[in-house]
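The values are calculated or read from the model by the stated rules, or taken from the named source; none is laboratory data. Values in this document were obtained by computation on a predicted structure and should not be read as measured data. We place every Cβ from the backbone using ideal geometry, glycine too, and count neighbours over all the protein chains shown.
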Amino acid sequence: MKLLENIRVIDMTNVLSGPFATLHLALLGAEVIKIEVPDGGDLARKLGNVPKLNKELMGTSFLAQNANKKSLTLNLKVVEAKEVFSKLLKTADVVVENFRPGVMTRLGFGYEDICKINPRIIYCAISGFGQTGPDAHKPAYDQIIQGLSGAMDVNGDERLHPLRAGFPVCDTVGGLNAAFAIMAALYYREKTGEGQFIDIALLDSIMPLMGWVAANLLIGGKDPIPMGNDNFTAAPSGAFRTKDGNINIAANQQKQWEDLTDAVGLPELKTDPRFQERDTRKANRKLLTPILEEKLTQNTTEYWVDLLNEKGIPSGDIVGLGKALTSEQVRYRQTIVDIKEPQIGNIKIFNLSAKFSRTPANIDAPPPRLSAHTEEILGQLGYSKDEQKALKEKKAI
């Protein structure tokens, strides 16, 4: 049995935040039916660095987060398509959308409308700023939210600031937040029989991730100082130069600091008043770093990683993405798996990162071609071949 077996999710989402949320539901065994416009489908189908795949509407951005889903095309501006959608809603457990507030209501399928069709529905709306508030109707992409959330203010250093994260962190965490909320709502419905509306804002989702940094301001009254690769909670804790590259060292505990001084051959630093205590080390980190690097640059990253980890001092290489994705640990954990797409061949995509002992997740099907499951789903809803042909002629599907 799969964790979400027999749960049907109607996925109205596009691009990243919504599809990332429904991907997690699909990997856990839910039947996720992706509703796409007939003319082109999800915009992510055209996004990626392989032009051939973009033209096939199977761009790498789409392939990354749509495994285990089915694709049904519906043009909800056509009356007949609305009728199909209404029938589908009667069979559904969850609806997820990431339009601007009000779009689904204008189509005749806001939460109140859908509740009349299926009172047990769980409806999750994902947007940049949420369904309410003075900014609710503003357009938003990940970078806009990174800027408005303060996330860009805590990145970078004195040379490069503000600085965005190198991947769409707000969209991604918004999707995770939505998946978490949907799972909680499904649990509540099991207990009570009641569905509900979930309002997810990307802005709300990202800000709690800065909890420690924000607490220093909200409680401690101190603005963040952009510190680049340094960890603001401790020193030495950050990236340091070695003979052949760089190393991350996180000597966050006093014993780790003292063991580090012995390991690099600087035991005298333990009693140096500039570095003896945690807070004075933090205040004098710019003095401490070059002293440590003078020793660290005398040997390789691999040498120091092995030595420091052996002594219980957390450390690690700083590798390129390619090496990270193919590391022995990642392969062992099956973080990335191969799935065969009939026309493309084998593609590598991320598996569910949570490992369940009784209900393990797995990828059973590749990301779908546009409209690949329209005939199957309409057949389940009772539409004959002739009726489906008529729907195509009216451009409803």
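The table below lists the values:
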| item | result |
| --- | --- |
| Filtered residues of the stretch 248-287 (kept if buried (at least 17 other Cβ atoms within 10 Å of the Cβ), under 36 Å from the mean Cα position of the chain (by Cα) and among the hydrophobic types (A, V, I, L, M, F, W, C)) | I249, A250, A251, W257, L260 |
| Qualifying residues in the stretch 300-324 (those that are assigned to a helix (DSSP H, G or I), touching a residue at least 12 places away in the same chain (Cβ under 8 Å) and among the aliphatic types (A, V, I, L, M)) - the one surrounded by the most Cβ atoms within 10 Å (Cβ to Cβ) | L308 |
| For G166: the one exception among (1) in a helix (DSSP H, G or I); (2) more than 22 Å from G130 (Cα to Cα) | (1) |
| Within the stretch 134-168, tally of residues that are farther than 21 Å from V103 by Cα and among the aliphatic types (A, V, I, L, M) | 7 |
| Residues of the stretch 1-46 satisfying the condition of being within 21 Å of L202 (Cα to Cα) and part of a loop (DSSP other than H, G, I, E, B) | M12, T13, N14, V15, L16, D42 |
| Test result for L16, touching a residue at least 12 places away in the same chain (Cβ under 8 Å) and closer than 27 Å to F180 by Cβ | yes |
| The stretch 195-219 residues that are farther than 15 Å from A136 by Cβ and among the polar types (S, T, N, Q), paired with ones that are modelled with pLDDT of 95 or more and not in a helix (DSSP H, G or I) (beta carbon under 8 Å, 6 or more apart) | Q196/I122; Q196/Y123 |
| Verdict on E112 being acidic (D, E) and without any contact (Cβ under 8 Å) to a residue 12 or more places away in the chain | yes |
| Failed criterion for T335 (all others in (1) in contact (Cβ under 8 Å) with a residue 12 or more places away in the chain; (2) farther than 30 Å from F356 by Cα hold) | (2) |
| Scan of the stretch 50-97 for residues that are among the basic types (K, R) and either touching a residue at least 60 places away in the same chain (Cβ under 8 Å) or surrounded by 22 or more Cβ atoms within 10 Å (Cβ to Cβ) (or both), ordered by number | K69, K70, K87 |
| Check on N177, buried (at least 16 other Cβ atoms within 10 Å of the Cβ), part of a helix (DSSP H, G or I), touching a strand residue (DSSP E or B) at 6+ places or on another chain (Cβ under 6 Å) and not hydrophobic (A, V, I, L, M, F, W, C) | yes |
| Residue in the stretch 334-347 that is within 26 Å of N246 (Cα to Cα), outside any loop (DSSP other than H, G, I, E, B), of a type in the set (D, E) and in contact with a strand residue (DSSP E or B) (Cβ under 6 Å, 6 or more places away or on another chain) present | no |
| Pairs with Cβ under 7 Å, 6+ apart, first in the stretch 372-389 and under 16 Å from E36 (Cβ atoms), second among the small types (G, A, S) and not in a helix (DSSP H, G or I) | A372/S71; H373/S71 |
| Complete set of residues in the stretch 233-265 that are aliphatic (A, V, I, L, M), touching a Leu at 6+ places or on another chain (Cβ under 9 Å) and more than 18 Å from E310 (Cα to Cα) | A235 |
| Some residue of the stretch 141-150 being more than 13 Å from I206 (Cα to Cα), of a type in the set (S, T, N, Q) and touching a residue at least 12 places away in the same chain (Cβ under 8 Å) | no |
